[in-house]
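Undergrad: Take this structure first; my questions come after.
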Amino acid sequence: MGSISVSCLLVLSLLLHTAHADDINVAVASNFTAPMKEIASLFEHASGHKVRLSFGASGKFYAQIKHGAPFHLFFSADQQKPAQLEREELIVPGSRFTYAVGQLALWSAQEGFIKANPDRLLALQFNKLAIANPKLAPYGVAAIDVLEHLALIDRTKSRWVHGENIAQTYQFVSTGNADLGFVALSQIMKEGRLKAGSSWIIPEALYTPIKQDAVLLRSGEDSPAAQALLRFMKTEQAEAIMQSYGYKPLARTQ
Amino acid sequence: MSFSEADLTAIWLTLRLATTVTLLLLLIGTPIAWWLARTQSVWKAPVAAIVALPLILPPTVLGFYLLIAMGPHGFFGQFTQSLGLGTLPFTFWGLVVASIFYSMPFVVQPIQNAMEAIGERPLEVAATLRAGPLDRFFSVVLPLAKPGFITASILGFAHTVGEFGIILMIGGNIPGETRVISVQIYDHVEALEFMQAHALSGAMLLFSFSVLLALYWLQRKQKIALLN
């Protein structure tokens, strides 16, 4: 008799759990890949919800969302695309907010190739300079900003190679095919430390801040999981993870 | 339909790439096809499999390996560096090397099929007339396999024009050097410039259809000629 009631309880709790647990699809800009994986896994443990992450270029996600892609949340690499979705009434009104401010770094896969300054760039001592395509990627726009400030556009242009997004730009540098590249600090940093190679973290004065916005999409309107994840992004736990990957804490920037 | 200057640069680059690759592939592919058509070796199956690999491998796999192999630490990259050529990714010749791998089966297989169809008889006849092996190859095999060469050239050229994934991975999107039509279209679509994307995509569709149409017409004509 006792064992029956125990199993009834078990079945009941399983039913309750699945009734509350919710699957959500989340589109995430490439630069935010590493922190988002960590944040999502913490969130899954804490809430019991299941998060399916897709990583890619923000522009691609924007086009896909416009054409009915089944995402509940969108974490863009910029502010323009979420704002555009808002104007097109594809998001839940008032859900747009800045979740992170990205930092740009000049990076080489070789130890000691660059010091914490732009000297090697200015001396043109490198074969190729990898930059995310500025037409498509906000980190590419920021990189062009920096080169403009250093008056290096014309002198380095013949050595540019464009990555389709910031992930591919990183790949060009990490395989050694480009000596240098402008990447997201989040790609080369872990637990507050440079993972490999050498880098120059670019001073904020040299480029417009890379504010990254997230939105709750129409299809996520009735999803408690999507709303819970948005709330979770604003917790200290989530912010600590973002900071450990080199994103600036939001309190300082707003 | 109107093309911007960047579009025209991409079109010209693509045609230059496809022509270079097709010519080189005819040179490299012919001896491979001949060997595959004639050999009884146990190596026939593995070589044929390697040639056919790009038919089923995703371009991302090829692109990934090529990026590493042709990079400064890869074996091919160290070879090109030792020749004083530097490394190949992000260059026109890097795309040529990648495309040779990628379009190889489209050139080798039609030539091989045509050569196999010739059979032993014409070669034996030529041999009794005292034609040496080279003579037999040039005056018997090549003319008889002509339809195979035409099919191979058309398919090799068209397949290189339509290449995208590998080029995106090793090209670096440099105007006039590695930004081919397919990459240019991709950029237009990603930047939401749908009008320009339409113009180039329409042109590609028309080109691909015409190529295949020409190919099938040609094959039909040959069949009719054979029947008569």
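Undergrad: Relative to the present Cα-Cα distance, how much length would full extension add between A:Glu88 and A:Leu206 at 0.36 nm per residue of separation?
TA: 39.2 nm
Undergrad: Right, something else. When chain A is treated as a GNM, springs tying every alpha-carbon pair under 10 Å, which of A:Gly68, A:Gly59, A:Gly102 comes out with the largest mean-square fluctuation?
TA: Result for chain A, Cα springs under 10 Å: A:Gly68 fluctuates most.
Undergrad: Moving to a separate point now. Would you mind giving the mean number of other chain beta-carbons within 10 Å of the Cβ of each residue in A:168-180, as a whole number?
TA: 5
Undergrad: Right, here's the next one. How much accessible surface does B:Ile56 have with a 1.4 Å probe, in Å² rounded to 10?
TA: Estimated to the nearest 10 Å², B:Ile56 gives 140 Å².
Undergrad: Hey, which of these cross-link pairs are over 30 Å Cα-Cα: A:Lys66/A:Lys128; A:Lys50/A:Lys211; A:Lys66/A:Lys195; A:Lys115/A:Lys234?
TA: From A:Lys66/A:Lys128; A:Lys50/A:Lys211; A:Lys66/A:Lys195; A:Lys115/A:Lys234, over 30 Å: A:Lys66/A:Lys128; A:Lys66/A:Lys195; A:Lys115/A:Lys234.
Undergrad: On to the next question. Work from the charge dipole of the protein assembly as shown (Cβ charges, +1 for Lys and Arg, -1 for Asp and Glu, about the Cα centre) and give the residue of B:Ala48, B:Ser139, B:Ser153 farthest towards its positive end.
TA: The one lying farthest along the dipole's positive direction is B:Ser139.
Undergrad: Of the DSSP beta bridges with both residues in the protein assembly as shown, give the percent that are antiparallel, rounding to the nearest 5.
TA: Antiparallel bridges make up about 55 percent of those DSSP assigns within the protein assembly as shown.
Undergrad: With just the Cα atoms defining each centre, how far is region A:48-68 from region A:134-173? Give it in Å.
TA: That distance is 24 Å.
Undergrad: Using Cα pairs closer than 8 Å and at least 6 residues apart in sequence, work out the relative contact order for region A:104-201, in percent.
TA: 50
Undergrad: Accessible area, 1.4 Å probe, largest first: how do A:Lys135, A:Lys234 sort?
TA: Descending accessible area places them as A:Lys234, A:Lys135.
Undergrad: For B:Val125 paired with A:His45, estimate the spin-label separation in nm (one decimal), with each label point 7 Å from Cα along the Cα-to-Cβ line.
TA: Reported label-point gap for B:Val125 and A:His45 is 8.0 nm.
Undergrad: Spelling out what I want: for every residue of region B:143-153, take phi, set θ = phi - 60°, compute 6.51 cos²θ - 1.76 cosθ + 1.60 (Karplus), and round to whole Hz; glycine and proline get x.
TA: Result, rounded to whole Hz: x, 5, 8, 3, x, x, 5, 5, 4, 4, 5.
Undergrad: Excluding B:Leu129 itself, what net charge comes from residues whose Cβ is under 12 Å from its Cβ, given Lys and Arg +1 and Asp and Glu -1?
TA: Result for the local shell: 0.
Undergrad: Mind grabbing the accessible area of B:Leu24 for me, 1.4 Å probe, Å², rounded to tens?
TA: For B:Leu24, the solvent-accessible surface is approximately 60 Å².
Undergrad: Report, in whole Å, the centroid distance computed from the Cα atoms of region B:16-67 and region A:84-114.
TA: What the calculation gives is 42 Å, centre to centre.
Undergrad: Right, another one. Ignoring everything but the protein chains, give the 1.4 Å probe accessible area of B:His198 in square angstrom, nearest 10.
TA: About 130 Å², rounded to the nearest 10.
Undergrad: Okay, moving on. So if I place +1 on the C-beta of Lys and Arg and -1 on the C-beta of Asp and Glu, and nothing else carries charge, what would the dipole magnitude of region A:104-201 be about its Cα centre? I want it in debye, nearest 20.
TA: It comes to approximately 100 debye.
Undergrad: Ordering A:Thr235, B:Thr178 by how much accessible area each has at a 1.4 Å probe, largest first, what is the list?
TA: From most exposed to least exposed: A:Thr235, B:Thr178.
Undergrad: Give the relative contact order (percent, whole number) for region B:26-167; include only Cα pairs under 8 Å separated by 6+ residues.
TA: Worked out over region B:26-167, it gives 32 percent.
Undergrad: Counting other Cβ atoms within 10 Å of each Cβ, which chymotrypsin sites (Phe, Trp or Tyr not before Pro) in region B:156-192 have at most 11 and sit in a DSSP loop?
TA: none
Undergrad: What is the angle, in °, between the Cα long axis of helix B:181-190 and the longest principal axis of the Cα atoms in chain B? Nearest 10 is fine, range 0 to 90.
TA: 30
Undergrad: I want to check the label-to-label distance for B:Lys223 and B:Val61. Put each point 7 Å from Cα in the C-beta direction and report it in nm to one decimal.
TA: Roughly 3.3 nm, to one decimal.
Undergrad: Note down the magnitude of the dipole of region B:54-180 about its Cα centre, charges +1 on Lys and Arg C-beta and -1 on Asp and Glu C-beta and zero elsewhere, to the nearest 20 debye.
TA: 100
Undergrad: Using only the heavy atoms of the protein chains and a 1.4 Å probe, how would B:Arg130, B:Arg179, A:Arg231, A:Arg52 rank by accessible area, largest first?
TA: B:Arg130, A:Arg231, A:Arg52, B:Arg179
Undergrad: Per residue of chain B, what 222 nm ellipticity follows from adding -39500 (n - 2.57) for every DSSP H run with n ≥ 4, rounded to the nearest 500?
TA: Calculated mean residue ellipticity at 222 nm is -25000 deg cm²/dmol.
The values are calculated or read from the model by the stated rules, or taken from the named source; none is laboratory data. Quick caveat: nothing in here was measured; it's all calculated off a predicted structure. Glycine gets a Cβ as well: all are built from the backbone with ideal geometry, and neighbour counts include every protein chain shown. Protein only, heavy atoms only, side chains kept; ligands, DNA and RNA dropped before computing areas. Shrake-Rupley method; radii C 1.70, N 1.55, O 1.52, S 1.80 Å.
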